[in-house]
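Since the structure comes first, as structure tokens, the remarks are kept for the end.
The values are calculated or read from the model by the stated rules, or taken from the named source; none is laboratory data. All values derive from a computational prediction rather than experimental measurement. For neighbour counting, all protein chains shown are included, and Cβ atoms are generated from backbone atoms with ideal geometry for every residue, glycine included.
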Amino acid sequence: MNAEIKNDPENALSNLDLETPERPHLDSNELIINMGPQHPATHGVLRIILRLDGERVLGTECVIGYLHRGVEKIAENRTYAMFNPYVDRMDYVAAVSNGLGYCQAVEKLLNVEAPPRANYIRVILTELNRLASHQLWLGTHALDIGAMTPLFYTFRDREEILKIFEKYCGARLTTHAFRIGGCLYETYAGFEKEVKNYLKYLAPHIDEYEELLTGNRIWLERTKKVGVISGADCIALGVTGPVLRASGVKWDVRKAQPYANYSEFDFEIPTGENGDTFDRYLVRMAEMRQSLRIIEQAVSGIPEGPIMAKVPKVIKPPVGEIYHSIESPKGELGYFIVSDGSTQPYRVRVRPPSFVNLQALDRMVRGMFVADVVAIIGTIDIVLGEVDR
Amino acid sequence: MTEEPKSPVPPPPDGESKPAPETSKPLVATPAAPSKPAAPAVPAGPVPVPWSSPLAEKYKGRYGPGLEALSYLGQNYLTVNRSLIPGILQLLRDEDHFDYCVDITAVHYPKREKQFDVLWILYSFPRNERVRVKTQIADGESLPSAVPVWATANWLEREVYDMFGIKFDGHPDLKRILLPDGWKGHPLRKDYGILQQDQEWVHINLGIESGQ
Amino acid sequence: MLDSLMSYLGSTLTPGQANNQLWALIYVFIIFAGVSVAVMAMNWIERKALAHFQVRLGPMRVGPHGLLQPIADAVKLLIKEDIIPAEADKFVFWIAPLIGLLASFTVYTVVPFGPSQAVSDMNIGILFMLGVSSLAVLGVVMAGWASNSHYPLIGALRSSAQMVSYEVAMGLAVVSAILMTSLHGTGLYGVSKLTDGTGTLSMIGIVQAQQEQHVWFLFKFFPLGLIAFGIFAIAMIAETNRAPFDLPEAESELTAGYHTEYSGLRWSLFMLAEYAAMIAVSSIAVTLWLGGWMRPFENWLSGSTWDFVFALFPGLTFLALAAIAFVGVVRMPRHSYFRVQTIGLAGFGAVLALIGILLLSIVIGAKFSHHDILNRTAEGLSSVYWFVFKVGAFMYLYIWYRATWPRYRFDQLMRVGWKVMLPISLGVLIVTAIVGVLLG
Amino acid sequence: MTPVATPFFFYLLSGLAIAGGLLVITRRNAIHSALALIVTLLAVAGLYLMLYAPFVAGVQIIVYAGGIMVLFLFVIMLVSLEQTVKERQFNRMWPVGLLAACSLLALFISVFAKGKGLFVERGAQLPESANTQQIGVMLYGEAGRMGQYTFAFEIASLLLLVAILGSVIMAKKRI
């Protein structure tokens, strides 16, 4: 009664999922279990159908779309400026990155360049947002693995970043910080000082996170050799971001094809070796430290000058199409925009890193245990708002 | 992977002075050129120019008239006939190391005879170069699936199918991905209104008259 | 009536041994109420301590510093709708929490809070405790099965597998402690002789053995006792399904494990059973290795003066708690909103202070009056206090673990249980036996 | 040490054991049968206690009620129950079962008819605390002397060890 037999056509998995790496030795009943969409560990409304042999995962199928809001369709019915706030609602834990990517893509289409001071502000805020995103990831990921305490530590520190955002643009989460052509708001008085203070404050706290987790035996056992994916598999599956880097591929859009003014800053791309959950954790921790470095340099070198390029009130890019991508905290976030010369984009395609990375879940969880599934979902660092758009 | 490899694509010989001349890094927003920040966004903007590089020449030589290599704002793309599709993608990956399929998407032009543009946005790690492959198909026509070439094409093609109704032959599991399985209509088509929805589905599954 | 009540007070036997059914009943009620209150207090302390580990405040609204939060929770749980899933096996669903609760409360019959402060002293006390607490698994398994849902089922399977496997290592660790009761020795590796027929399974007998040997079994045959204790301390966390072995209730994987489908009163019965079981296994650990009701430093700080000083501890503890409450009163914001809370906290402090003064006066009175019943009461208070103090330390450890550690995965848990704990506990048992015989 | 309300508890526990036993064979739901079996086992443990055999009672609870029955439940839960509920409970073995039941009944009746004289009068009743030690002495012996059942006990444990090894070999693909 409690186990559905696998040949049930109603619940059969896709044929992709039925080719399993190993047949169970004893022909025990395979259990099909449904995880989500209301499940605490799926980070939103992700539904995963797991096919289990005991506690071992034979295959998965992700059912997504519960948060689909038709962002791309909305874009076609809004002007370029009006669509700008919508992008914040995709990856809502890294709204600033989304805005940066969109604004730069439209600027490229308009053939406009944001002034240097605007670029500095953008880099500072984007990197702060990367820190906030990684902190949220760390807290929830640790919570999935059963460590409660890091969550509260990271949220305490993330709060300070959100306060900076709030002071800068009035919003904490969906910031709408940037405008096409630069920034709307000048930095508030004491912005540099506050950011610098925050950097000083956070650096020891990152050590504190690591102290709680990095050497912890249980943490090591739960993350090492779990969800291993090779660099070649990552590339084939289009996986980008920290997941790709943890598999040993040293690739970061900020270095490979620098946007904004990332080429002016000195930072490193942290990479892992084994491509397991632990390496992804280490890569993200190292990335947080690199972000601190970037912000440090940006805050020290922020020039005076205008913050807005000359952009017409009514934005009418010439006919054409453009693809622009940035390194969001999750991976390569791309915008493909087609203009027909009118005030509204003809088509906006978002290349969401979470969506593409989530596809690698199946590859990562095969042969793992149910308990690892939550660890692996956490380690991919998805945001369902971005997966479903 | 190298961080910033030297692109094998040499600068184009013709000195056509377009706003974004081709550089070794076509996607960089040219930080060293702040001289014209105020280029007014006149509708008569830049036009695509032919893209000449060894890569483009190679494919032109191989496929001839079925292929056009263009460059717009420094971004290169190949417009190809539908018939070339599985072959050229395979070649791009195998011979020219475009090992990373960034995205697959489509654009709907309802007034054209061949209504859909389907695009493959590709990236090569060794060359640090992006290229877009673009083809046109009519409504109801299908395309060969790129899943054997790049595994990532699986979900991307499903999304294109979901949103545009373009079928991909040989796809292992072509079904809707973001919308519910029983939904009727493909919302990113231009003839699908922004307020439109599958009333019947909403009625049956949600028990309400309309989601609005 | 009163005579028969009072007559027992001079006895040095447990009511069960003295065959005093009335006092046995009174003890049962005291223990039942005490454990229930302890669970509620533990609930508050856990939430507060966990909150302070995690840079937050915890409950602050209901009562001063959330002191009334457990009561509010209890009321909420009692009046909540009691949901039974449509396809559930109603009878089993209904009886499962009761079995768990019964098992974890029955265990307290033999817990020796003091030399005579137990409902009864059974000849097979420790065996009884292990046996009855192992029945709690049945409640978990039945709950998981009766819910007719996947997550509870997997949770139940996990927890039964976990409890059954850790029981083995736990039992072997217990056996090595029991072995020590028959191996006389006066210190770490002091004079030791094997004596026939002095070993015992009785809980009170085990503590008395430690008293006679002048050593807590934790320190006996150092480090053997320590290792056995360590094994037990780990296994008992696994037995009670607490972090880092809280897999049956791992919310990130199985929502809430075997009690996913339970709500309201039934759910609270599970919680009550879980916390009662935690206290029960901690009592076993305290009895077996930490000298039960014995006060600390009986060897170093011996003599009647020191006895008196340590006997003052219970009263002083309550006075200290009262002092903390009064500090809280002083620090409470002077605002009309907080008036009720301030008065409440002051009253709470006053009650604590009264209890403290009462305890102190009993102890001081016993010291100077040499009245038999007063003496015995003072002794009993001291014993119960030290027992509860040690158990409380374990409870704090439970909270500390939960705040610090991630969760084990199931296979890792099993590996630790079978491949690490079992061999070590077996080895400790054998080495203890060899050492005992060699020194005997 | 005076026994507590012996006749009452004896009849209560025996009644529970018999009722549990009947439920075990009449319930269609295997889980319910298992639960009834647990009741029977606990009642039997109580009867042991009344016979001043606390050690046996404790072991009965730990091993049967706590250990074996959990494994039973474990197995029953893992197999699909819906079919077993529908299946006919009594198969063709019922004549054999009937024969066994009848002979058991005959045995009981004969014992009842012969009465007390059938049993050997045992020695003085042991105190409760010595009981556990007596078991130990019988199984392991005293200093310098082998116990009455040491050999049988060791053989039994060896047998169990072999059984464990066998089951491991059968269950494990590669060792």
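Per-structure values
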| read-out | value |
| --- | --- |
| Answer residue from region A:336-347, given it is at the interface with chain B (Cβ under 10 Å from one of its Cβ atoms) and under 16 Å from B:MET163 (Cβ atoms) and is farthest from the chain's Cα centre (by Cα) among those | A:TYR346 |
| Extreme residue, nearest to the chain's Cα centre (by Cα), among residues of region A:359-372 that are more than 23 Å from B:PRO187 (Cα to Cα) and within 10 Å of another protein chain (Cβ to nearest Cβ) | A:ALA360 |
| Any hit, region C:74-92, residues being crowded, with 23+ Cβ neighbours inside 10 Å and within 14 Å of chain D (Cβ to nearest Cβ) | no |
| Cβ-Cβ under 7 Å pairs, at least 6 apart or on other chains, region C:155-184 side more than 11 Å from chain D (Cβ to nearest Cβ), far side basic (Lys, Arg) | C:MET180/C:LYS220; C:HIS184/C:LYS193 |
| Test: residue in region A:190-213 that is without any contact (Cβ under 8 Å) to a residue 60 or more places away in the chain, touching a Ser or Thr at 6+ places or on another chain (Cβ under 7 Å) and surrounded by 15 or more Cβ atoms within 10 Å (Cβ to Cβ) | no |
| Whichever residue in region A:319-335 is of a type in the set (D, E, K, R) and in contact with a helix residue (DSSP H, G or I) (Cβ under 7 Å, 6 or more places away or on another chain) and, among such residues, is nearest to the other protein chains (Cβ to nearest Cβ) | A:GLU332 |
| Lone unmet requirement of (1) touching a residue at least 24 places away in the same chain (Cβ under 8 Å); (2) part of a loop (DSSP other than H, G, I, E, B); (3) surrounded by fewer than 20 Cβ atoms within 10 Å (Cβ to Cβ); (4) within 12 Å of another protein chain (Cβ to nearest Cβ) for B:VAL149 | (3) |
| Boolean, B:VAL133 is more than 10 Å from chain A (Cβ to nearest Cβ), free of Cβ contacts under 8 Å to residues at least 60 places away in the same chain, in a strand (DSSP E or B) and out of contact with any Cys (no Cβ under 6 Å at 6 or more places or on another chain) | yes |
| Condition check for D:ALA34: out of contact with any His (no Cβ under 9 Å at 6 or more places or on another chain), part of a helix (DSSP H, G or I) and farther than 30 Å from C:LEU22 by Cβ | yes |
| Number of positions in region C:143-152 that are surrounded by 24 or more Cβ atoms within 10 Å (Cβ to Cβ) and in contact with a strand residue (DSSP E or B) (Cβ under 9 Å, 6 or more places away or on another chain) | 0 |
| Enumeration of residues in region C:268-323 that are acidic (Asp, Glu) and buried (at least 17 other Cβ atoms within 10 Å of the Cβ) | C:GLU274, C:GLU298 |
| Residues satisfying the stated conditions in region B:81-103, i.e. more than 22 Å from A:TYR335 (Cα to Cα) and surrounded by 19 or more Cβ atoms within 10 Å (Cβ to Cβ) | B:ILE85, B:ILE88, B:LEU92, B:ARG93, B:ASP96 |
| Among residues of region C:363-379, those that are surrounded by 18 or more Cβ atoms within 10 Å (Cβ to Cβ) and within 26 Å of the chain's Cα centre (by Cα), counted | 4 |
| Positions within region C:75-93 being under 14 Å from C:PHE270 (Cβ atoms) and at pLDDT 85 or above, in sequence order | C:LEU77, C:LYS80, C:PHE93 |
| Residue in region C:119-133 that is more than 14 Å from chain D (Cβ to nearest Cβ), in contact with a helix residue (DSSP H, G or I) (Cβ under 8 Å, 6 or more places away or on another chain) and β-branched (Val, Ile, Thr) present | no |
| Residue within region B:29-47 that is more than 24 Å from A:PRO352 (Cα to Cα), at pLDDT 80 or above and not hydroxyl-bearing (Ser, Thr, Tyr) present | no |
| Region D:41-54 residues that are in contact (Cβ under 8 Å) with a residue 24 or more places away in the chain, paired with ones that are assigned to a helix (DSSP H, G or I) and charged (D, E, K, R) (beta carbon under 8 Å, 6 or more apart) | D:TYR52/D:GLU128; D:PRO54/D:GLU128 |
| The one condition in (1) more than 25 Å from A:GLU76 (Cα to Cα); (2) facing another protein chain (nearest Cβ under 9 Å); (3) at pLDDT 85 or above; (4) surrounded by 23 or more Cβ atoms within 10 Å (Cβ to Cβ) that A:ILE380 fails to fulfil | (2) |
| Selection count where residues are surrounded by 19 or more Cβ atoms within 10 Å (Cβ to Cβ), more than 13 Å from chain A (Cβ to nearest Cβ) and not aromatic (Phe, Trp, Tyr), scope region B:166-203 | 1 |
| Residue tally, condition at the interface with chain B (Cβ under 10 Å from one of its Cβ atoms) and within 21 Å of A:ARG293 (Cβ to Cβ), over region A:221-243 | 0 |
| Hits in region B:168-181 (condition: touching a residue at least 24 places away in the same chain (Cβ under 8 Å) and out of contact with any Asp or Glu (no Cβ under 8 Å at 6 or more places or on another chain)) | B:ASP169, B:GLY170, B:PRO172, B:PRO180 |
| Filtered residues of region B:106-125 (kept if under 22 Å from A:HIS324 (Cβ atoms) and either among the charged types (D, E, K, R) or more than 9 Å from chain A (Cβ to nearest Cβ) (or both)) | B:ASP117, B:VAL118, B:TRP120, B:LEU122, B:SER124 |
| Matching residues in region C:260-290 - criterion: being in a loop (DSSP other than H, G, I, E, B) and touching a Pro at 6+ places or on another chain (Cβ under 8 Å) | C:THR260, C:GLU261, C:TYR262 |
| Failed item in (1) in contact with a strand residue (DSSP E or B) (Cβ under 7 Å, 6 or more places away or on another chain); (2) outside any loop (DSSP other than H, G, I, E, B); (3) over 23 Å from B:LEU92 (Cα atoms), with B:LEU174 passing the rest | (2) |
| Helices (runs of 4 or more DSSP H) completely within region C:321-440 that count 3 or more residues being within 14 Å of chain A (Cβ to nearest Cβ) and either among the polar types (S, T, N, Q) or farther than 28 Å from C:VAL111 by Cα (or both) | C:410-415 |
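Let's see how each residue does on (1) in a helix (DSSP H, G or I); (2) polar (S, T, N, Q):
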site	(1), (2)
C:ASN43	yes, yes
C:ALA49	yes, no
C:VAL62	no, no
C:PRO70	yes, no
C:ASP73	yes, no
C:LEU101	yes, no
C:PRO112	no, no
C:VAL119	no, no
